[in-house]
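A short write-up of the structure that comes next.
The values are calculated or read from the model by the stated rules, or taken from the named source; none is laboratory data. Keep in mind that this is a model prediction, so the values were computed, not measured. Note: ideal-geometry Cβ built from the backbone for every residue, glycine included; neighbour counts use all protein chains shown.
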Amino acid sequence: MSVGFVMLVHTALDRAEQVARHWALHDCPVVIHVDKKVSRKDHSAFVSALSDLDNVRFSKRFSCEWGTWSLVEASQAASELLLQEFPEARHVFLSSGSCLPLRPVQELKDYLDERPMTNFIESVTTEDVPWTVGGLDEERFTLRFPFSWKRRRRLFDAYVRIQRRFKFKRKIPEGLVPHLGSQWWCLTRQTLTAILEDPDRATYDRYFSKVWIPDESYYQTLVRLYSTNIESRSLTLSKFDFQGKPHIFYDDHMQLLRRSDCFVARKIWPHADKLYDGFLSENAAIITGAEPNPGKIDRIFSKAVERRTKGRAGLYMQSRFPNAGWENGLTGAPYAVFEGFSELFENFEDWLSRMVGARVHGHLFAPERAEFAGGQSVFAGALSDSAALRDYNPRAFLTNLIWNTRGERQCFQFGPRDTQDISWDLAKDSNATISVISGAWAVPLFYSNANFSDIRKEAARLQKIEAKHLDALRSFYAKARVRIWPLAEFVENPMEPLQTTIDELGTRHRLTEAPRIVSLDGFGQFLQNLKNQGMHPHLMGDFPVSHTLHRNKKKPSKPYLVK
Amino acid sequence: MSTLRNERVRLPYFLDYYRALGANHFLVVDNDSDDGSRDYLAEQSDVSLWTTTASYKRSRFGVDWLNWLARRHAHGHWVLTVDPDEFFIYPFADTRNLRALTDWLDASSIRSFGAMLLDMYPKGPLDSKPYREGQDPFEIASWFDSGNYMITKNPKFGNLWIQGGPRARAFFPDNPARAPALNKIPLVKWHRSYTYVSSTHNLLPRGLNQIFDEWGGEKASGILLHAKFLDTFSNKAEEELERKQHYAASHEYKAYAAKLKDNPDLWCKWSEQYINWRQLEILGLMSKGNWA
C-alpha cells in the first residue's frame with residue numbers, strides 16, 4: 001500500500017523537480033501537471049530531468065488561472081492518470097510545486113497505513129467559514145463568474161452586483177450541500193474513484209465549472225456524497241493572509257516548521273535553500289511519530305494578520321497613520337490629567353509621585369516649555385521640551401509621550417495657561433482620566449503681586465479659556481473619564497475626591513500623608529474684588545466672601561489614611 | 001540607484017552593504033567629484049556610472065537625473081534609490097535578502113515600499129571618532145531618537161510628511177517647520193511612467209505614496225539608517241553651504257553650520273543604541289505588516 005502524489009506545477013520547476021524526485025525515490029508514484037503557460041522549452045527540460053524515474057508521469061496540460069475551473073480539471077486529469085497507472089496507490093495526495101515535505105516519507109506512509117479508509121480533506125459548510133475574502137461565501141455557489149477576478153476585477157465586481165440586484169440564483173444540483181476548504185487534500189482511492197467515476201459527474205462538473213474558486217469546493221463538496229470517514233483537516237500546512245494569499249515560508253522558519261510536525265507545508269519561497277536542503281536530506285529523517293500540530297505557526301501568522309489589520313494601538317508611524325476615528329485608541333495607554341491641583345495644593349506633583357506608581361509631570365503644555373518630570377529637558381523617546389516643537393504638532397507630542405512610556409503610567413498637569421490645541425484630543429481620548437478643579441487657576445493670581453487691573457484681565461482670559469475647555473470635556477464627543485469639581489465645592493471636602501482619584505491610579509503603598517492646601521484666607525474677598533471690578537468669576541463656584549477654611553490654618557494633625 | 005559627490009571614503013562599505021543584501025546592479029550619477037569617487041566607481045564591475053558637471057540644484061537635487069535613468073533602464077525592475085549615506089533595513093533583513101522582499105511585494109501586488117530616514121549619531125562630539133574607509137559607520141554613529149517624530153498628511157501628493165529626530169531636536173527647536181523631511185519611499189517596482197517628485201520623499205502617480213494604512217492597520221515598512229552625522233559632516237556642511245546647491249536656499253545647511261561651530265553632542269540619556277531591525281520594529285519605527 002502506498003501514497004501517490006499529484007503535483008500541480010507552474011513556476012520554480014527546479015524546486016518542483018527536487019521535491020518530485022524526493023517522493024519518487026521513496027517509492028511514491030508522482031503525477032505532475034505542468035501549467036500550459038510554461039514554455040515548451042522549459043517543459044521539455046523539466047520532463048527530461050525527471051526521465052530517469054520510472055514512477056513519475058506527466059498528465060494532460062491545462063492553462064490554469066487562480067480561482068477558476070481549470071485547476072480542478074488539471075487535478076482531475078492527473079488523479080485519473082495516477083489511479084490508472086499506479087494501482088498500488090491507496091491514497092492520493094494533492095500538492096503543488098511549492099510544497100515541501102517536512103517529515104520523512106516513511107512517516108507519512110505509516111500514518112496513512114494506520115488510517116487506510118480516512119479522507120483528509122478540509123470540508124466545512126459555508127455558514128461555518130470565516131476565511132472567505134471579498135464577502136463571497138454562499139454566493140460562490142449561486143452566482144455566475146464568467147470574468148477573471150485577477151485580470152478584470154471591475155467586470156467581476158460589476159457582474160456580481162448585477163446578479164445581486166436582480167436576485168439571480170443558480171440552482172445547486174440536487175443532493176449537493178456546498179462545502180468549502182483548503183484545496184490541498186489527501187483522499188483514498190475508493191473515494192476519489194467514486195467522485196471521478198460518478199455517472200452524474202458531467203452534471204456536477206458543468207455546475208462547478210461556473211462556481212467561484214471551485215478548487216476549494218469541488219472535492220470538498222462531493223466527498224460528502226461518498227464517504228463518511230472524513231477528517232476535516234488538511235495534511236498540508238498552509239496559512240493565508242488577510243487577503244487570502246498564502247503566507248510564504250523562508251529559511252528562518254526552519255525551526256517552526258520542524259516543530260509543527262506537519263507532513264507537508266506550502267508555500268515555500270523557491271530560494272529558501274536551507275529549507276530545501278534541510279528537509280529533503282536524509283539527515284532530516286528523524287521519526288517522531290507525533291501528530292501534526294500547526295498551533296505554534298498559527299499563532300505567528302494570525303499575529304501577522306492582526307498587525308496588518310488592527311495594528312498597534314496608539315502608534316503613529318510611516319506605515320500606520322489612521323484616519324480620524326480609526327485609531328483603535330487615540331493613545332496607547334491610560335494616563336491621568338490633573339487640572340487645578342498643583343495650583344491648590346503645595347508641592348502637589350512631588351506628593352503625587354510619592355503616592356502613586358506613575359510618572360508625574362508638571363504642565364506639559366506650558367507656554368514656556370514642556371515641564372517633564374524632574375525638570376528634564378529631554379524625555380522618553382528623546383522627546384524635546386521645546387514649546388515650539390511641541391506646539392508644531394501637539395497631538396504627536398501626546399501620542400509619542402504615551403507610546404514611548406509603554407508600561408509606565410503618565411500623569412501631567414493641565415490648565416488654562418497652557419497651550420490649548422490639545423484640549424479636544426484629551427477630551428476625545430478614552431485613555432484619558434481628567435480631574436478638574438475648575439477655577440483653581442485663580443489661586444496663583446490671588447497670590448501674585450501684579451497690578452490688580454492686570455490680574456483682572458488675566459482672570460477674564462483664563463476663565464474664558466477654561467470654560468471652553470470644560471465645554472469640550474462635557475461635550476457629546478468626549479470619551480475621556482472626566483470629573484469636575486468647582487473650587488468652592490472641592491475645598492469643602494477635598495479628601496474624598498482626592499481619594500477616588502488616587503485609588504484609580506493604583507497606590508504604590510498606603511497613603512500616609514495628605515497634600516497641603518495653600519492658605520485661602522482672603523480668597524473670597526479677592527473674588528469679590530474681581531466682581532466689583534466688573535468681572536464675573538463663576539467657574540470656582542460659590543465662594544463666601546468671609547470664608548475661612550479652618551482646617552487649612554494649621555498643618556493636618558493626622559496623617560491622611562485610606563483603608 | 002544613487003547620485004553622489006565626493007563620497008570616496010564611504011563608497012567601499014556602501015557598495016558592499018548592498019551587495020550583501022542582494023543588489024544586482026548599481027546605477028550611479030557622479031556629480032563632478034574630485035576626490036577619486038569616479039575612478040573608484042568605474043573600476044567596479046557591477047556599477048554603471050554617469051558623470052555630470054551640471055548643477056545639482058537645477059536638476060532638482062539630482063531627481064531629474066535619476067528619474068531619467070530609471071525611465072531608461074529600470075522599467076519592470078525593482079529599484080532602490082538611496083544616497084551613499086543611507087542604509088536600507090527591512091523586516092527580516094538579517095535572514096532574507098532583497099529578492100525575498102521584492103518577491104513578497106510582487107506576490108502581494110505592492111508596488112512601492114516605504115523606509116523612513118533614521119538619523120544616526122555618535123555619543124560625544126561628531127568629530128571624536130573619525131570614520132575610516134570600509135568601516136561600518138554605525139560602529140561610530142550607533143545612536144538614534146526613538147519616539148519624537150511628527151507626521152502630517154500631504155494632501156497634494158497623498159504621502160505622509162514626517163519630521164523630527166535629532167535634527168529637529170538639536171537644530172530646529174525654534175523653527176520646526178524647517179526641519180527636514182524624513183519620509184522616504186526608496187524601493188519601487190519601476191514603470192517608465194513613474195517619477196520621483198521631491199527627492200525620494202514622494203512619487204507620481206499618487207497611488208505609489210500609499211505606503212501607510214489609514215484604517216488602523218500597519219503596512220510593512222523599513223528604515224533607512226542615515227550615516228550623516230560622522231566626522232565627515234562638518235566639512236560637508238561647509239562645502240555644501242559654499243556651493244549653495246541645496247533645497248530651500250540651503251536653510252538646512254545654514255542651521256547646521258551655525259550649530260556645528262560649537263561641535264554639538266546629539267546624544268542624550270534617552271537616545272537608543274541600535275541593535276537590529278527587530279528593535280526598530282518593537283519601537284514602532286518600522287513594521288513587519290503582514291509579512292511573517
Does region A:387-401 hold any residues that are within 7 Å of another protein chain (Cβ to nearest Cβ) and either acidic (Asp, Glu) or more than 10 Å from B:Pro176 (Cα to Cα) (or both), and which are they? A:Ala396, A:Asn400
Subset of region B:183-209 [of a type in the set (Lys, Arg), part of a strand (DSSP E or B) and under 10 Å from B:Phe157 (Cβ atoms)]: none
Which condition does A:Gly314 not pass, out of (1) touching a Ser or Thr at 6+ places or on another chain (Cβ under 7 Å); (2) within 14 Å of chain B (Cβ to nearest Cβ); (3) in contact (Cβ under 8 Å) with a residue 12 or more places away in the chain; (4) more than 30 Å from B:Leu182 (Cβ to Cβ), if it passes all the others? (4)
Test: A:Asn293 is assigned to a loop (DSSP other than H, G, I, E, B) and either facing chain B (nearest Cβ under 9 Å) or at pLDDT 90 or above (or both): no
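I'm trying to understand the selection: among the residues of region A:96-127, which are in a strand (DSSP E or B) and within 21 Å of A:Tyr218 (Cβ to Cβ)? Explain how you work it out, then say what you get.
Let us first name the residues in region A:96-127 that are in a strand (DSSP E or B), namely A:96, A:100-101, A:119-120, A:124-125.
If the condition is that a residue be in a strand (DSSP E or B) and within 21 Å of A:Tyr218 (Cβ to Cβ), then A:Ser96, A:Asn119, A:Phe120, A:Val124, A:Thr125 are the ones that fit.
Does B:Asp85 count as buried (at least 22 other Cβ atoms within 10 Å of the Cβ), in contact with a His (Cβ under 7 Å, 6 or more places away or on another chain) and more than 14 Å from chain A (Cβ to nearest Cβ)? I'd like the intermediate steps shown before the answer.
Numbers: buried (at least 22 other Cβ atoms within 10 Å of the Cβ): yes; in contact with a His (Cβ under 7 Å, 6 or more places away or on another chain): yes; more than 14 Å from chain A (Cβ to nearest Cβ): yes.
It is true that B:Asp85 is buried (at least 22 other Cβ atoms within 10 Å of the Cβ), in contact with a His (Cβ under 7 Å, 6 or more places away or on another chain) and more than 14 Å from chain A (Cβ to nearest Cβ).
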Test set (1) modelled with pLDDT of 85 or more; (2) part of a helix (DSSP H, G or I) - A:Phe93 fails condition number: (2)
Among the residues of region B:123-135, is any farther than 19 Å from B:Pro264 by Cβ and facing chain A (nearest Cβ under 10 Å)? no
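Across region B:133-151, which residue is surrounded by the most Cβ atoms within 10 Å (Cβ to Cβ) among those that are touching a helix residue (DSSP H, G or I) at 6+ places or on another chain (Cβ under 8 Å) and assigned to a loop (DSSP other than H, G, I, E, B)? Break it down into steps so the answer makes sense when it comes.
Filtering region B:133-151 down to residues touching a helix residue (DSSP H, G or I) at 6+ places or on another chain (Cβ under 8 Å) leaves B:133-137, B:144-151.
From what's left, assigned to a loop (DSSP other than H, G, I, E, B): B:133-136, B:145-148.
Working: B:Glu133: 10, B:Gly134: 11, B:Gln135: 16, B:Asp136: 14, B:Asp145: 28, B:Ser146: 24, B:Gly147: 26, B:Asn148: 26.
Here the residue is B:Asp145.
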Output yes when any residue across region A:157-180 is charged (D, E, K, R) and closer than 27 Å to A:Ser238 by Cα, and no when none is. no
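Per-residue answers, yes or no, for (1) hydroxyl-bearing (Ser, Thr, Tyr); (2) touching a Gly at 6+ places or on another chain (Cβ under 8 Å); (3) at pLDDT 90 or above; (4) buried (at least 17 other Cβ atoms within 10 Å of the Cβ):
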| site | (1), (2), (3), (4) |
| --- | --- |
| A:Ser75 | yes, no, yes, yes |
| A:Pro87 | no, no, yes, no |
| A:Tyr111 | yes, no, yes, yes |
| A:Glu114 | no, no, yes, no |
| A:Thr118 | yes, no, yes, yes |
| A:Glu138 | no, no, no, no |
| A:Val160 | no, no, no, yes |
Residue list for region A:57-93, filter: of a type in the set (Phe, Trp, Tyr), touching a helix residue (DSSP H, G or I) at 6+ places or on another chain (Cβ under 7 Å) and under 23 Å from A:Ser39 (Cβ atoms): A:Phe58, A:Phe62
Within region A:73-83, does at least one residue satisfy the condition of being in a strand (DSSP E or B) and assigned by TED's automatic domain parsing to the domain that holds A:Ser260? no
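Taking region A:371-384 as the region of interest, how many residues are outside any helix (DSSP H, G or I) and at the interface with another protein chain (Cβ under 9 Å from one of its Cβ atoms)? Break it down stepwise before answering.
Of all residues in region A:371-384, those outside any helix (DSSP H, G or I) come to A:371-372, A:376-379, A:383-384.
Then drop every residue that is not at the interface with another protein chain (Cβ under 9 Å from one of its Cβ atoms), which leaves A:376-379, A:383-384.
Matching residues across region A:371-384 total 6.
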So, in region A:214-233, exactly how many residues are part of a loop (DSSP other than H, G, I, E, B) and surrounded by 23 or more Cβ atoms within 10 Å (Cβ to Cβ)? 1
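Results for (1) of a type in the set (D, E, K, R); (2) crowded, with 19+ Cβ neighbours inside 10 Å; (3) without any contact (Cβ under 8 Å) to a residue 60 or more places away in the chain, shown as yes or no for each residue.
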position: A:Thr193; (1), (2), (3): no, no, no
position: A:Leu196; (1), (2), (3): no, no, no
position: A:Ala202; (1), (2), (3): no, no, yes
position: A:Ser238; (1), (2), (3): no, yes, yes
position: A:Gly244; (1), (2), (3): no, no, no
position: A:His271; (1), (2), (3): no, no, yes
The residue that is farthest from B:Phe144 (Cα to Cα), considering only those in region B:160-171 that are out of contact with any His (no Cβ under 9 Å at 6 or more places or on another chain) and more than 9 Å from chain A (Cβ to nearest Cβ), is B:Phe171
Which one is surrounded by the most Cβ atoms within 10 Å (Cβ to Cβ), of the residues in region B:152-182 that are of a type in the set (A, V, I, L, M, F, W, C) and assigned to a helix (DSSP H, G or I)? B:Ala168
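Within region B:172-193, how many residues are more than 11 Å from chain A (Cβ to nearest Cβ) and out of contact with any Ser or Thr (no Cβ under 9 Å at 6 or more places or on another chain)? Give the derivation first.
First, pick out the residues of region B:172-193 that are more than 11 Å from chain A (Cβ to nearest Cβ): B:180-181, B:186-193.
Narrowing further to those that are out of contact with any Ser or Thr (no Cβ under 9 Å at 6 or more places or on another chain): B:180, B:190-193.
Residues flagged as more than 11 Å from chain A (Cβ to nearest Cβ) and out of contact with any Ser or Thr (no Cβ under 9 Å at 6 or more places or on another chain) within region B:172-193 amount to 5.
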Output for Cβ contacts, cut-off 8 Å, separation at least six or different chains, first residue more than 10 Å from chain A (Cβ to nearest Cβ) in region B:268-292, second surrounded by fewer than 20 Cβ atoms within 10 Å (Cβ to Cβ) and of a type in the set (Asp, Glu), reads B:Asn276/B:Asp94; B:Trp277/B:Asp94; B:Gln279/B:Glu272
